[in-house]
1. Please state which one of 100, 110 is surrounded by 17 or more Cβ atoms within 10 Å (Cβ to Cβ), more than 13 Å from the ligand (Cβ to nearest atom) and either at pLDDT 95 or above or in a loop (DSSP other than H, G, I, E, B) (or both).
2. Looking only at residues that are outside any loop (DSSP other than H, G, I, E, B) and touching a helix residue (DSSP H, G or I) at 6+ places or on another chain (Cβ under 6 Å) in the range 257-278, which one is surrounded by the fewest Cβ atoms within 10 Å (Cβ to Cβ)?
3. Looking only at the range 43-58, which residues are in contact (Cβ under 8 Å) with a residue 40 or more places away in the chain and outside any helix (DSSP H, G or I)?
4. Is the range 171-180 home to any residue that is crowded, with 24+ Cβ neighbours inside 10 Å and within 13 Å of the ligand (Cβ to nearest atom)?
5. Which of the residues belonging to the range 224-241 are surrounded by fewer than 22 Cβ atoms within 10 Å (Cβ to Cβ) and either assigned to a helix (DSSP H, G or I) or touching a helix residue (DSSP H, G or I) at 6+ places or on another chain (Cβ under 7 Å) (or both)?
6. Name the residue, out of 203, 150, that is touching a helix residue (DSSP H, G or I) at 6+ places or on another chain (Cβ under 8 Å), surrounded by 15 or more Cβ atoms within 10 Å (Cβ to Cβ) and not in a helix (DSSP H, G or I).
7. I want to confirm something. Restricting to the range 85-97 and keeping residues that are at positive phi and part of a loop (DSSP other than H, G, I, E, B), which single residue is nearest to the ligand (Cβ to nearest atom)?
8. Are any residues in the range 59-84 part of a helix (DSSP H, G or I), more than 10 Å from the ligand (Cβ to nearest atom), surrounded by fewer than 23 Cβ atoms within 10 Å (Cβ to Cβ) and touching a residue at least 24 places away in the same chain (Cβ under 8 Å), and if so, which ones?
Ligand code: CP3
C-alpha cells in the first residue's frame with residue numbers, strides 16, 4: 001500500500017478545487033529583491049548566464065520556496081528563450097533590458113532564422129533538478145510567453161513603447177504576422193510539452209502586452225493563437241492546468257476566459273476583483289491581483305488591499321498573486337507580512 005500523496009493546494013486550486021486558505025506564489029518571486037539572488041547573479045556574471053546554467057537556475061527557483069514557503073515554485077528562465085530557440089541572438093544590456101537580432105520585419109528574415117532547439121535543453125535540465133528537490137506540498141509551474149508578446153520583442157528587437165512596431169506590422173502585413181505567430185506558437189507547444197515531460201505540473205502563458213491591441217486584433221493575435229496552444233497542451237498533456245495571463249486585457253478578460261480554453265486566468269492590478277468575480281465564468285480559478293506597489297507600500301494599505309481581494313474571490317477557486325511581477329525594491333518584510341495575512345498567521 002502506498003501512502004496518500006501529500007496534497008498540493010496550488011495544483012488543486014488550478015484544477016478547480018477552492019482551498020480554505022488560498023495558495024500563494026508571486027510572479028518574479030525569484031529575482032532581484034532577494035539578496036541571495038543578487039549574490040548568485042554577481043558570481044555568475046549576469047541574468048542569461050544564470051538562466052542557462054541548470055544548477056544555478058534550479059537554485060534560484062528554490063530560493064523563494066526556502067525563504068517563504070511559497071505554494072508554487074516557478075521555473076527560473078525567461079520568455080525570450082523561445083526567440084533564441086528560433087534562431088535570434090539574445091543578450092541583456094545591463095540596466096536596460098533584453099536585445100534580440102536580427103529583428104523580424106520581413107519574410108526573408110523570418111525564413112532565414114534557423115531553429116535552434118538545443119537552446120531549450122538547459123531549461124529542461126533545470127526542471128528535472130527542481131522536480132527532484134521540491135518539497136512535496138509545493139506545486140511546480142513552467143511558463144512561456146504568449147506568441148503576441150514574444151513577437152513584440154522579436155519585431156522591435158527590445159521592449160517597445162505601446163508595441164507600436166509589432167502593431168504596425170500586423171496591419172501592414174498580416175500574412176507575415178500570422179507566419180511569425182504560428183512559428184512562435186509551434187515552438188511554444190514543443191517547449192511547454194518539454195517542460196511538462198521534465199516535471200512541471202502546470203504552466204502559465206504570460207501575455208504581458210495583450211493590453212495594447214484593439215478588440216479585433218486581440219481576437220486574432222491573442223485569443224486565436226492562445227486557443228491553439230491550449231488545445232495542443234490539453235491533447236499532449238491531459239490534466240495539466242494552463243493559466244492564461246493576458247495583462248492589460250481589461251474588458252476583454254471574459255472573452256479570453258471563454259474562448260481560449262485556459263483552465264485558470266490571471267488578472268492584473270488594474271482590474272476590479274469584484275467585477276472580475278462577477279464577469280468571469282463561475283468556478284473558473286482566478287489568480288491575482290495585488291498591486292506590486294501596494295506590496296511596497298506595506299502596512300495597513302497592504303492589509304486592506306489583501307483583504308479586499310480575498311473577499312472578492314471568496315466564492316471561487318483563488319490563487320493569491322500579484323497583478324504583475326514583484327519589483328526589485330520590495331522589502332522582504334512586506335512579503336512576509338503578505339504571506340501571514342493571506343495564511344491568517346499574522
Ligand atoms: O517569475 C519568475 O520568478 C520566473 C522567471 C521569469 C523571469 N522573466 C526572470 C527574469 C519570468 C516568468 C519572466 C517573464 C518575462 N520576461 C516577461 C513576462 C512577464 C512580465 O514581467 O511582463 C517578460 C516581458 C520578459 C522579458 C524580460 N526579461 C525583460 C523585459 C527583462 C528586463 C526587465 C527587467 O525586469 O529587468 C527581463 C529580465 C529578467 N527576467 C529578470 C528576471 C529575474 C531580471 C534580470 C536581472 O537583471 O537580474
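1. Details: 100 fails: more than 13 Å from the ligand (Cβ to nearest atom).
Answer to the check: 110.
2. Of all residues in the range 257-278, those outside any loop (DSSP other than H, G, I, E, B) come to 257-259, 264-266, 273-278.
When the remaining residues are screened for being touching a helix residue (DSSP H, G or I) at 6+ places or on another chain (Cβ under 6 Å), the result is 259, 264-265, 273-274, 277.
Working: 259: 15, 264: 23, 265: 23, 273: 22, 274: 13, 277: 18.
So the residue we want is 274.
3. The answer is 46, 52, 53.
4. So far as the range 171-180 goes, no, none of its residues is crowded, with 24+ Cβ neighbours inside 10 Å and within 13 Å of the ligand (Cβ to nearest atom).
5. Residues satisfying the conditions are 224, 227, 228, 230, 231, 232, 234, 235, 236, 237, 240.
6. Just a single option satisfies the conditions, and that option is 203.
7. Narrowing the range 85-97 to residues at positive phi: 87, 95, 97.
With the extra rule that they be part of a loop (DSSP other than H, G, I, E, B), the set shrinks to 87, 95.
Working: 87: 18, 95: 8 Å.
Taking the candidates together, the pick is 95.
8. Within the range 59-84, 62, 65, 67, 68, 84 qualify.
The values are calculated or read from the model by the stated rules, or taken from the named source; none is laboratory data. Keep in mind the model is a prediction, meaning the values are calculated, not measured. Don't worry about glycine lacking a Cβ; one is built from the backbone with ideal geometry, like all the others, and counts go over all protein chains shown.
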